[in-house]
1. If we keep just the residues of region 152-169 that are in contact with a Lys or Arg (Cβ under 9 Å, 6 or more places away or on another chain) and either of a type in the set (Lys, Arg) or crowded, with 23+ Cβ neighbours inside 10 Å (or both), which is farthest from Val113 (Cα to Cα)?
2. Cβ-Cβ under 8 Å, sequence separation 6+ or interchain: first residue in region 29-41 and under 13 Å from Asp239 (Cα atoms), partner loosely packed, with under 12 Cβ neighbours inside 10 Å. Which pairs?
3. Looking at Ser157, Ser131, which is the one that is farther than 30 Å from Arg194 by Cβ, without any contact (Cβ under 8 Å) to a residue 24 or more places away in the chain and out of contact with any Phe, Trp or Tyr (no Cβ under 6 Å at 6 or more places or on another chain)?
4. Among the listed residues Leu141, Leu175, which satisfies the condition of being surrounded by fewer than 21 Cβ atoms within 10 Å (Cβ to Cβ), aliphatic (A, V, I, L, M) and assigned to a helix (DSSP H, G or I)?
5. Report, by residue number, each residue of region 64-103 that is of a type outside the set (Gly, Ala, Ser), over 21 Å from Phe258 (Cβ atoms) and part of a helix (DSSP H, G or I).
6. Just one of the numbered conditions (1) out of contact with any helix residue (DSSP H, G or I) (no Cβ under 6 Å at 6 or more places or on another chain); (2) basic (Lys, Arg); (3) within 21 Å of Ala16 (Cα to Cα); (4) touching a residue at least 24 places away in the same chain (Cβ under 8 Å) is not true of Lys61; which one?
Amino acid sequence: MSAEGEVDMKVDPSRAKALSSAISSVTQRIEAVAGGRNVRLVAVSKLKPASDILALYQESKQLHFGENYAQELMEKAAVLPRDIRWHFIGGLQSNKCKPLTSTIPNLFLVSSVDSQKKATQLDKGRAELSSSQPSTSSITLGPLNIHIQINTSGEESKSGVTPGPEATSLARHILTSCPHLNLLGLMTIGAIARSKAAKEGEENEDFIALRGERDRLEGELGDELKGRRLELSMGMSDDFEGAIGMGSDEVRVGSTVFGERPAKEDFKVKRQVEAGKE
């Protein structure tokens, strides 16, 4: 064991080299379309071993990693370096909100907030963690960053609030009733069909909708935002360049960096960690 519960694990040099090359290629592609803007790259590491994350952290100085499952995130955060900036990007269950935010000091952002109840539980968890932090901790806790997830495609299978009054109400709740949360921006996943159409040269309707909703909210909540801009999180492996071209401040890239994922039932964080120590 290393400092503060981190686990020493082996990183395969050839795997580390392949991962470093993949993320370098993605970074170059981002820079080519970003026009000098600073676009955050979140490496989506769900169902990938902790050793892959450690390899990118060590070899490429990658800090931002995204996870879709609360239990997996909590287990990985417990064994990996404390300056990694974790993003929770998956479907959020109300009963997981408080455990998530009360146990991970280096949780940087929760991107899938779609109800006042969930926001309130996240706020309570962050407050609990803040009050329990020892004065000697190397991590300074401020408000936890939040994205409101917007269902831009209107698909019933998608999480997220509907653009308009529902989004306004949730944003206002976070701004006025959740002092331990920071409303950083808006996120959408969007429809696969729209993503494919965008690859053929059409503008992605989901990206247009999210940008429009951001502009509307900034206008409606001007005084409450105190002059802050709301960022946009849109774009994944198949469409991140188009998303950046339409103003995205963050892209979430998984398979293009890590390769195909195993089935969820075949993956266990603890088993992977133990294997990496052998």
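The values are calculated or read from the model by the stated rules, or taken from the named source; none is laboratory data. If you're wondering where the values come from, they're calculated on a predicted model, not measured in any experiment. Heads up, the Cβs are rebuilt from the backbone with ideal geometry, glycines too, and the neighbour counts pull from every protein chain shown.
1. Among them, the one singled out is Thr152.
2. That search, which allows pairs on different chains as well, returns nothing.
3. The match here is Ser131.
4. Answer to the selection: Leu175.
5. Within region 64-103, Asn95, Lys96, Cys97, Lys98, Pro99, Leu100, Thr101, Thr103 meet the criteria.
6. Of (1) out of contact with any helix residue (DSSP H, G or I) (no Cβ under 6 Å at 6 or more places or on another chain); (2) basic (Lys, Arg); (3) within 21 Å of Ala16 (Cα to Cα); (4) touching a residue at least 24 places away in the same chain (Cβ under 8 Å), only one is false for Lys61: (4).
Condition check ((1) in a loop (DSSP other than H, G, I, E, B); (2) in contact with a Gly (Cβ under 9 Å, 6 or more places away or on another chain); (3) not charged (D, E, K, R)) across all residues:
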position	(1), (2), (3)
Gly227	yes, no, yes
Asp238	yes, no, no
Ala243	no, yes, yes
Val251	no, yes, yes
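Let's see how each residue does on (1) at pLDDT below 90; (2) in contact with a helix residue (DSSP H, G or I) (Cβ under 6 Å, 6 or more places away or on another chain):
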{"residue": "Arg228", "(1), (2)": "no, no"}
{"residue": "Glu231", "(1), (2)": "no, no"}
{"residue": "Asp238", "(1), (2)": "yes, yes"}
{"residue": "Glu241", "(1), (2)": "no, yes"}
{"residue": "Glu250", "(1), (2)": "no, no"}
{"residue": "Glu260", "(1), (2)": "yes, no"}
{"residue": "Lys264", "(1), (2)": "yes, no"}
{"residue": "Phe267", "(1), (2)": "yes, no"}
{"residue": "Val273", "(1), (2)": "yes, yes"}
